[in-house]
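Structure first, commentary second.
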Amino acid sequence: NAGVTQTPKFQVLKTGQSMTLQCAQDMNHNSMYWYRQDPGMGLRLIYYSASEGTTDKGEVPNGYNVSRLNKREFSLRLESAAPSQTSVYFCASSETSRGRETQYFGPGTRLLVL
Amino acid sequence: SQQGEEDPQALSIQEGENATMNCSYKTSINNLQWYRQNSGRGLVHLILIRSNEREKHSGRLRVTLDTSKKSSSLLITASRAADTASYFCATGGMNYGGSQGNLIFGKGTKLSVKP
C-alpha cells in the first residue's frame, strides 16, 4: 500500500498563476484533509472532506478551493496564487472526521509563490 | 486557532539520555495524539491516549495525560540520533468551532539528539 500520495513534490508559481495539488489515498478512508505548515505555526487545517461528496472549511480556507473527486482523491486548488500562500502543504486521511482516529499524512508539496 | 502548545520549543540532548516534551491544551478533549515529523517529511502518528486514560506506553515512548491540568507529556527513553525530529501534539474529538471535532495541532517541539 502506498498510503497517502501527493503530487507535485515541489512547485514554483508566479503571483496570479493557478495550480492544483493532487492527493490520493489507498486505505479506503472516508475522511481527507488539507493542511498548510508554515515555520513556527504548526499545521493549520485548510479544508476537509468528512466523506465522499462533502467538503467543509477549516481554519484558513481563504484563497483555496477543494474537490473530493471520489473516495480516493482530494484536490486543492489555488485559483490566483499569492506570496502568502508560500508554504508546505500536507494531505492526510483518516477513517472518519470525528478527530478520534489516527491521521495518515502524505509527504507534502513545497510551494513557492514569487 | 491553536489548541495544543508544546514546551519546550526546542530540546537538544545526548544520545542515551531521556527526552521529555510537554503539551498543554485549552478545552475538553476526547483524545490526545502525538506525531513525529522528520525534516522535510510528512507527519507520522506515534501514539494516541484517550481522555479516560492516564498513561500509555509504546516501545521507548511513554505518554501521560492529566485532564485536570489539561496537559500531556511525551517521554522518549534512551534516545537515539534517529529520534531527531519535530514532535507535535494534536487534540481531537470535541467540536472546535466549525471543524466538527477535527484534530488541532500544536506548533511542535524540535528535538535534536547528538551522537
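The values are calculated or read from the model by the stated rules, or taken from the named source; none is laboratory data. Values in this document were obtained by computation on a predicted structure and should not be read as measured data. In this analysis, Cβ positions are derived from the backbone assuming ideal geometry, glycine residues included, and neighbour counts consider all displayed protein chains. What goes into the accessible areas is simple: the full protein's heavy atoms, side chains included, and nothing from ligands, DNA or RNA. Shrake-Rupley method; radii C 1.70, N 1.55, O 1.52, S 1.80 Å.
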Pairwise label distance in nanometres, B:L75 with B:S28, each label 7 Å out on the Cα-Cβ vector: 3.0 nm
Using Cα positions and a limit of under 19 Å, work out the lysines in reach of B:K26, with same-chain residues fewer than 8 apart set aside. B:K69, B:K70, B:K107
When ligands, DNA and RNA are left out and all protein chains stay put, how many square angstrom of accessible area per residue does the protein assembly as shown have with a 1.4 Å probe? 46 Å²
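Report the calculated FRET efficiency for B:A10 and A:Q22 (r = Cβ-Cβ distance, R0 = 41 Å), to the nearest 0.05.
Numbers: r = 34 Å, r/R0 = 0.82.
E(calc), rounded to 0.05, equals 0.75.
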Region A:99-114 scanned against label point 7 Å out from A:K71 along Cα→C-beta; backbone N under 11 Å for none
Test assert for region A:57-100: residues whose accessible surface shrinks by at least 40 Å² between chain alone and all chains, 1.4 Å probe, equal A:E59, A:G99, A:R100
Could you compute how much accessible area chains B and A hide from each other, both sides summed, with a 1.4 Å probe? Nearest 100 Å² is fine. 1800 Å²
Ranked from the most accessible area to the least, with a 1.4 Å probe and all protein chains present, what is the order of A:V66, A:V12? A:V12, A:V66
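State the percentage of accessible surface on chain A attributable to carbon and sulfur atoms; use a 1.4 Å probe and exclude ligands, DNA and RNA.
48 percent
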Kindly state, to the nearest 0.05, the FRET efficiency for B:R54 paired with A:T7, given R0 = 45 Å and r defined as their beta-carbon distance. 0.60
Might you work out the accessible area of B:V44 for me, using a 1.4 Å probe with all protein chains in place, and round it to the nearest 10 Å²? 70 Å²
